[in-house]
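Enquirer: Sharing a structure below in C-alpha cells format, with a few things to ask.
The values are calculated or read from the model by the stated rules, or taken from the named source; none is laboratory data. Quantities reported herein were computed from a predicted structural model and do not represent experimental measurements. Note that each Cβ is placed from the backbone with ideal geometry, even for glycine, and that neighbours are counted across all protein chains shown. Heads up: the accessible areas ignore ligands, DNA and RNA and are worked out on the full protein's heavy atoms, side chains in. Shrake-Rupley method; radii C 1.70, N 1.55, O 1.52, S 1.80 Å.
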Amino acid sequence: MDVAALGYVVVQSRDPAAWQQFGQDVLGMSAHEVPGGLALKMDERAGRLFIQQGPEDRYLASGWELRDAVQFAAACEELAARGIRYHPATHAECALRHVFDMVWFDDPSGNRHELFHGYRTDFARFASPVGVPRFITGDLGLGHMVLPAPHFDETRAFMTGVLGFGLSDVLVHRPAPGIEQRIDFMHCGNSRHHSLALFEGAVPSGCVHLMFEVDSLDEVGRAYDRMLASDTRLMATLGKHTNDHMTSFYFMSPGGFAIEYGFGGRTVDWDHHTVFESTSVSLWGHDFSVGFGADEQAALADAA
C-alpha cells in the first residue's frame, strides 16, 4: 500500500463539550458541530480531529489517507488477500469524517486503523479563535501519534508489511532500572519524519500522545500560556527532540492521552535516509517527570 498521510483522528468522549472548549481555548482550533459529533478544524479541511459521543474518554481511530479510489480498492483487495478482516464504513461514519469512503480494521495490538479516500470540505479559511495563524498540515498530514503496541513485533510487521510504512528510527525507553520498552518511529508517503510511532506497552486511553505542529516558537509559547491559564495538566516541559528536531511541550487532553504541541519538525528525503537508534529522547529539555504525581512515581519505582 501507499499511504499518503495521516488524514484525521477520531476521539471518543463522554463530554464532547470538554473537547470543544479544549480545542478552541488551548489548541487554538475552531470547533464545529457536524453530523454525528464535533469537528476541530486546523486548516482548509472540514476537520482533522473528530469527536464522537461514547461511553469512555479515549483515542478511537487513526485515519490514513489514500490518494484516489483506485488505490483504495487495491488496498481493500490487499487486506482481503492477506486474510485481514476489515469493515466497510457506515454512511454515518463517513459523514462524521467527511470522506468519500472508508474501511476500518484492527492491528495485532488492537489499535483501530481506517483507510479512506477523498474528503469533503467547503474550503473555508481556517480562523483560529485565539489567533493561531496556521498549523503545519498539507501533504505532511495533520501530525503524528504514538500508539500502544503490547504485541510489538507483530504490530510492527503489520504496519510495515501490510500498510507499507517505513522505519525512520528507533529508541529504547527506560523509565526505571530494569524496564525497557521499544519505540519505533515510522513514516508513510510524505516527508514528515514520522506519522506514527509504536510504543511497546499497553495504554488504557488508546494513545500515548498526539502531535500538532505550528509554524513558530512564538506560537508554541502562546499555547504554553493558554495551557497554564486553563489549568491543564503539564506532562513534559519545553524541549527539542533528538530524532525529529521538534521543539515542543506536552499537556494532558480530555481524552486521557497527551498532546505534543511543537514546531520545527524535520522533513526527510527517504532516498537518502539511514535508520538509526537514538539513545536520548531529547537534545535538551522535555522533563517528563512533571507529568507524574507522587503515587505514579512510586508505582514506577515498585515496578522496577
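Enquirer: I'd like the residue in the range 187-220 that is within 21 Å of Ala127 (Cβ to Cβ) and not charged (D, E, K, R) and, out of all such residues, is surrounded by the fewest Cβ atoms within 10 Å (Cβ to Cβ).
Expert: Going residue by residue through the range 187-220, those that are within 21 Å of Ala127 (Cβ to Cβ) are 212-216, 218-220.
Keeping just the survivors that are not charged (D, E, K, R) gives 212, 214, 216, 220.
Numbers: Phe212: 25, Val214: 24, Ser216: 12, Val220: 20.
Going through the qualifying residues, I end up with Ser216.
Enquirer: When you check Asp287 against the structure, is it under 26 Å from Arg134 (Cβ atoms), touching a residue at least 24 places away in the same chain (Cβ under 8 Å) and either open to solvent by 40 Å² or more (accessible area, probe 1.4 Å) or in contact with a Gly (Cβ under 8 Å, 6 or more places away or on another chain) (or both), yes or no?
Expert: Taking the combined requirement at face value, the residue does not satisfy it.
Enquirer: Residue by residue through the range 132-173, note down the ones that are more than 15 Å from the chain's Cα centre (by Cα) and of a type in the set (S, T, N, Q).
Expert: Listed by number, the residues that qualify are Thr155, Thr160, Ser168.
Enquirer: On the basis of being open to solvent by less than 10 Å² (accessible area, probe 1.4 Å), touching a strand residue (DSSP E or B) at 6+ places or on another chain (Cβ under 8 Å) and over 26 Å from Asp269 (Cα atoms), does Phe152 make the cut?
Expert: Here the answer is yes, as Phe152 does meet what is asked.
Enquirer: To continue, here is another question. Condition first: surrounded by 20 or more Cβ atoms within 10 Å (Cβ to Cβ) and free of Cβ contacts under 8 Å to residues at least 60 places away in the same chain. Now tell me which residues in the range 32-51 satisfy that.
Expert: Gly37, Leu38, Ala39, Leu40, Gly47, Phe50, Ile51
Enquirer: Would you pick out the residues in the range 76-95 that are within 18 Å of Thr155 (Cα to Cα) and surrounded by 13 or more Cβ atoms within 10 Å (Cβ to Cβ)?
Expert: Listed by number, the residues that qualify are Glu78, Leu79, Ile84, Tyr86.
Enquirer: When you look at Phe116, is it open to solvent by less than 60 Å² (accessible area, probe 1.4 Å), more than 30 Å from Gln181 (Cα to Cα) and touching a residue at least 12 places away in the same chain (Cβ under 8 Å), yes or no?
Expert: So Phe116 passes the test.
Enquirer: Go through (1) of a type outside the set (A, V, I, L, M); (2) under 20 Å from Ile136 (Cβ atoms); (3) exposed (fewer than 13 other Cβ atoms within 10 Å of the Cβ) for Glu180 and report which single condition fails.
Expert: (2)
Enquirer: For residues in the range 52-85 being basic (Lys, Arg) and touching a residue at least 24 places away in the same chain (Cβ under 8 Å), which is nearest to Ser205 (Cα to Cα)?
Expert: Result: Arg58.
Enquirer: A follow-up question, please. From (1) among the aromatic types (Phe, Trp, Tyr); (2) under 24 Å from Cys94 (Cα atoms); (3) within 17 Å of the chain's Cα centre (by Cα), pick out the condition that doesn't hold for Phe185.
Expert: Unmet for Phe185, out of (1) among the aromatic types (Phe, Trp, Tyr); (2) under 24 Å from Cys94 (Cα atoms); (3) within 17 Å of the chain's Cα centre (by Cα): (2).
Enquirer: Residues being out of contact with any His (no Cβ under 7 Å at 6 or more places or on another chain), of a type outside the set (Phe, Trp, Tyr) and open to solvent by less than 50 Å² (accessible area, probe 1.4 Å): count how many of those fall in the range 122-144.
Expert: Counting residues in the range 122-144 that are out of contact with any His (no Cβ under 7 Å at 6 or more places or on another chain), of a type outside the set (Phe, Trp, Tyr) and open to solvent by less than 50 Å² (accessible area, probe 1.4 Å) gives 10.
Enquirer: Residues to consider are Ser230, Ser248; find the one that is touching a helix residue (DSSP H, G or I) at 6+ places or on another chain (Cβ under 9 Å), modelled with pLDDT of 95 or more and closer than 26 Å to Trp64 by Cβ.
Expert: Ser248
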